[in-house]
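Laboratory data are not the source of any read-out in this text; all were calculated from the coordinates shown. Predicted, not measured: the structure shown is a model, and the values here were computed from it. Note that we place each Cβ from the backbone using ideal geometry, even for glycine, and neighbour counts take in every protein chain shown.
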Amino acid sequence: MSSKIIISCEEANHVCDKTQYKEATLWEKVKLNIHLIYCKACREYTKNNTKLSQLFKNKPASLDASSKESLQAAFDKELANQQ
Amino acid sequence: MPKHVIDPNQWIKLYSDYLFNYTITRVNDSEKAKDLVQDTFFAGLKSMKNFKGEASERTWLISILKRKIIDHYRKINSNKGKAEVRISYSGDESEGDWLEERVADPFDKTAEDTLENTELGYAIDNCLEKLPAKQAQVLEMKTILNYETEAICNELDITASNLWVIIHRARTAMASCLEKNWF
């Protein structure tokens, strides 16, 4: 990674992606923010990317298929016992 | 208002995701949450005859689940010798001995929130399906299952920079897919 302060849009987007997973370093985030000052396109990308992360966070958790199956199996057994 | 009927054959299909999601936001341990959901269904089965049809099945199951979650925390806390507040109460709908059961749940979602999040869930799944298989797989591992970058790279035999390129393409595609309704 270069130590230049000015980075390309490509690199800015890469840092932005890493930020979504809290994997960007402080120095990278500084460079990203400097880039965002003068680059409208990347501001837009960063905004949408952050919003996307938020949406993923709000996505309701669901049971995976295999544990749902085993739940159903255990439940059917219990149901048969009741009747 | 029509009386609600109870039909346990449909429970798992209709409510397991909802109950699981409700539990996971409160106990933060997916194995424990699965156990609690299963306990709830079993307890519901046992006390089916007490179902009066005043509330929907789902509401009724949630009220059982709430007690299971409280019991779960009480079990953890009893090891620490923490004081508990015991106050008897009785009312139209319920009675019991523990103050916690009467306390409003600050995490309780309003109906609207729940509906919106359910729709969001469908929308995200729908857009994930439209992505190329590899992108969907990587994005899901990284974003929903929260795997470490290194773990994904090892499992799929790709380099870290491959991974970030795939993630970037997937995120861009997801954003434009969800754009119409969610941005």
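Brief remarks follow.
- Selected residue (only one of B:39, B:35, B:17 is within 16 Å of residue A:62 (Cβ to Cβ) and of a type in the set (Asp, Glu)): B:17
- Positions within the stretch A:40-80 being assigned to a helix (DSSP H, G or I), touching a Leu at 6+ places or on another chain (Cβ under 8 Å) and not acidic (Asp, Glu), in sequence order: A:42, A:43, A:46, A:52, A:55, A:58, A:71, A:75, A:79
- Residue count for the stretch B:154-174, restricted to those that are polar (S, T, N, Q), in a helix (DSSP H, G or I) and over 19 Å from residue A:44 (Cα atoms): 3
- Selection count where residues are within 9 Å of chain A (Cβ to nearest Cβ) and free of Cβ contacts under 8 Å to residues at least 60 places away in the same chain, scope the stretch B:24-53: 11
- Output for the stretch B:139-153, where each listed residue is farther than 21 Å from residue A:46 by Cβ and β-branched (Val, Ile, Thr): B:144, B:152
- Subset of the stretch B:1-23 [basic (Lys, Arg) and within 11 Å of chain A (Cβ to nearest Cβ)]: B:13
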